[in-house]
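No value in this document is a laboratory result; all are computed from the given coordinates. Since the structure is predicted, the reported quantities are computational estimates derived from the model, not experimental observations. Note that we place each Cβ from the backbone using ideal geometry, even for glycine, and neighbour counts take in every protein chain shown.
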There are 2 protein chains.
Amino acid sequence: MPEKAPWITYRPELKVLDCTIRDGGLINNHLFTDEQVKAVYETCIAAGIDYMEVGYKNSARLFPKSDFGAWRHCDEEDLNRLFGDHDAEKTGLKLVAMADAEKSDWKTKVVPRSESVLDMIRVAFYAHQVSEAVEMIHHFNDLGYETMANLMAVSNITETEIDTVLENIAPTPAGTMVIVDSFGHLYREQVDRLYKKYTSAMEGTGKEIGIHAHNNMQLAFANTIEAIILGANRVDATMMGMGRGAGNCPMEILLGFLRNPKFSLRPVIQLLQDHIIPLREKVEWGPLVPYNITGQSNLHPQHAIKFRSSDHKDDFVKFYDEIKSEI
Amino acid sequence: MPEKAPWITYRPELKVLDCTIRDGGLINNHLFTDEQVKAVYETCIAAGIDYMEVGYKNSARLFPKSDFGAWRHCDEEDLNRLFGDHDAEKTGLKLVAMADAEKSDWKTKVVPRSESVLDMIRVAFYAHQVSEAVEMIHHFNDLGYETMANLMAVSNITETEIDTVLENIAPTPAGTMVIVDSFGHLYREQVDRLYKKYTSAMEGTGKEIGIHAHNNMQLAFANTIEAIILGANRVDATMMGMGRGAGNCPMEILLGFLRNPKFSLRPVIQLLQDHIIPLREKVEWGPLVPYNITGQSNLHPQHAIKFRSSDHKDDFVKFYDEIKSEI
């Protein structure tokens, strides 16, 4: 046992990424008002947050503009409209977009970093898409961007598949390899094993390890600090945990844990009160019982999301029986 | 790193205690209907839960019967009225009451175990009350009861005080020493340190270690499984986390984690749907922002409870400023 108290000191290398608009937009088809997005942006700056992920660089062919808001596509004109005068140096905040393998027109829709307000592109992919992910990382790196590699749904693939993905990502210029618990299924022993596997595979590459947790079993914050304890220096959180299904690691709890005096909790609480709690009254997220069940069962939250939009949405026993009979 | 997967096997020694009525009664002055208490009881049996804590053995002088429900006092006539035909052997469920140091008429109000439906009395105390707690444990043991020692608010006292309490509890007949995070302030590294301290102090006594977590920082379940991983064999949970302030470790999430096939999750989900969710619409608990703040600040949840009954209950920034200026 260490006799020190690392939970009251800090590592300056640890950087926080806010993905409220990106992950939260999966609940409302990214139909945020400019005012909402701007409020999150101003809060990130005031709170000392390092990165803000403003949305997806996804294809308008798959996500028509008639149905989805601007932050599903992050077109340069929308980025410039809202963040045209953004200064990463002055604010300490870097802007980020996520590009999904197979869902993104990444060869044509991303301009060089020197022409964009974005500083980083995160590449999200399932294990079987790793070859496209590697191409995407190289492409974005060639355009001058920082990159992160987000292997999704890691709880649902074999260790051999994980190893193969890591071997393929290791030689890329991605700055960070992220442990992504899309299903909210991981317990802390599993986070430990994955952290050791990821660090061992990335050894000598200079890559950081990141964590993106979901809150199906009220473990998003716990798994995030577990990864931090182990050494992860890139952590994702969202305001009030806003995000698909059970949501994410809540920023207000994470910042209350971090001891770097550059972080400030008060602006986040102000944002919750002014913008996020009113939003929560219109769209649903959080560790409700159906999300507990999909998390425990290692299933995509989509099962529970569909159920929560049905006319028997409060019949949790029915949902439990359906899941148990189907799997 | 262990190469095994202990999270998919189980220890038969691990026993679960439901304290929904006892801890939840702190929100509603124990004004439960008989139907509600009976529903929790039936659910505990159906779910394979080992202990149900039905309330406090507290004094009617301090908690007048005009203001508080039967389960604040657990008089024998109420116990017999509701649980008169209880059979611990047949149901696998033992009934428990909690007695607080200084709040309980413990010398006069507890009948011998052979005359009661109760099988265990838990003694709750603050560090400075340890001498009374030791007397209480001996007294209840002499009456034939199993006992547990619950040192409350452990995050708020010095290591020297903890050590002294443990030295005093070690020679008593208490079967379990419980790590009680009353303020919901502990992170996992602190749970680890306390677990090692408690086990080391209890070495050779045959005592089990228990965990009673609060959910201020959405860590109640995480800290509970952390203690389980380390070896704790007595764990507390409540239905939907019902309990004072931020609430407790949610039973539905805990049972989804435990792999002993004797446990059954479905009856718990049925109870939530039929009784606990309707109750939640009338009384409040859960990891709301004011409870995040008291947990992070190592303060008694009472600050946030008072705030949530004020007319500015949704002004979280005001609460944050008050707390930061007061401490």
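Side notes on the structure shown:
- Springs between Cα atoms under 10 Å define the GNM used for chain B, and in it the highest mean-square fluctuation of B:His128, B:His212, B:His300 occurs at B:His128.
- Contour minus Cα-Cα distance for A:Arg81 and A:His312 (0.36 nm per residue): 79.0 nm
- Above-threshold pairs, the threshold being 32 Å between Cα atoms, out of A:Lys313/B:Lys262; A:Lys282/A:Lys324; A:Lys306/B:Lys94; A:Lys282/A:Lys318; A:Lys4/B:Lys107; A:Lys15/A:Lys103: A:Lys306/B:Lys94; A:Lys4/B:Lys107
- Pairwise centroid distance, computed over Cα atoms, of the range B:193-234 with the range B:298-317, Å: 29 Å
- Counting, for every residue in B:273-282, the Cβ atoms of other protein chains within 10 Å of its Cβ and taking the mean gives 1.
- Gain on full extension, evaluated as 0.36 nm per residue between A:Gln302 and A:Glu13 minus their Cα-Cα distance, stands at 100.5 nm.
- 17 Å Cα-Cα reach of B:Lys196 towards aspartates and glutamates, excluding residues that sit fewer than 8 places from it in its own chain: A:Glu3, B:Glu159, B:Glu161, B:Asp163, B:Glu167, B:Asp181, B:Glu208, B:Glu226
- Mean Cβ neighbour count within 10 Å, used as a protection proxy, ranking B:229-235, A:304-310 highest first: B:229-235, A:304-310
- Position A:Pro173, label points 7 Å along Cα→Cβ, spacing to each other copy in nm (shortest first, one decimal): 7.4
- Distances, shortest first, from the label point of A:Asp75 to those at the same position in the other copies read 7.4 nm; the point lies 7 Å along Cα to C-beta.
- Here, P(r) means the percent of Cα pairs in each 20 Å bin from 0 to the largest distance; for the protein assembly as shown it is 19, 51, 25, 5, 0.
- The mean count of C-beta atoms from other chains within 10 Å of the C-beta of residues in B:213-224, rounded to a whole number, is 4.
- Computed E for A:Thr158/A:Asn29 - FRET, C-beta separation, R0 30 angstrom, nearest 0.05: 0.35
- Spacing of the two label points (7 Å from each Cα toward its C-beta) at B:Asp274 and A:Arg266, in nm: 5.0 nm
- Ranked packing of A:94-107, A:188-201, B:19-32, most packed first, by mean Cβ within 10 Å: B:19-32, A:94-107, A:188-201
- For A:157-164, mean number of other protein chain Cβ atoms within 10 Å: 0
- Position A:Ser114, label points 7 Å along Cα→Cβ, spacing to each other copy in nm (shortest first, one decimal): 9.3
- Within the listed set A:Val178, A:Val117, A:Val40, the Gaussian network model of chain A (springs between alpha-carbon atoms below 10 Å) gives the highest mean-square fluctuation for A:Val117.
- Size of electric dipole in the range B:11-280: Cβ of Lys, Arg +1 and of Asp, Glu -1, about Cα centre, debye, nearest 20: 460 debye
- Placing unit charges on the Cβ atoms only, positive for Lys and Arg and negative for Asp and Glu, gives the range A:17-157 a dipole magnitude near 320 debye about its Cα centre.
- Separation between Cα centres of the range A:1-59 and the range B:95-166, rounded to whole Å: 45 Å
- Nearest-to-axis residue of chain B, judged by beta-carbon position, where the axis maps B onto A, in Å: B:Ala222, 2
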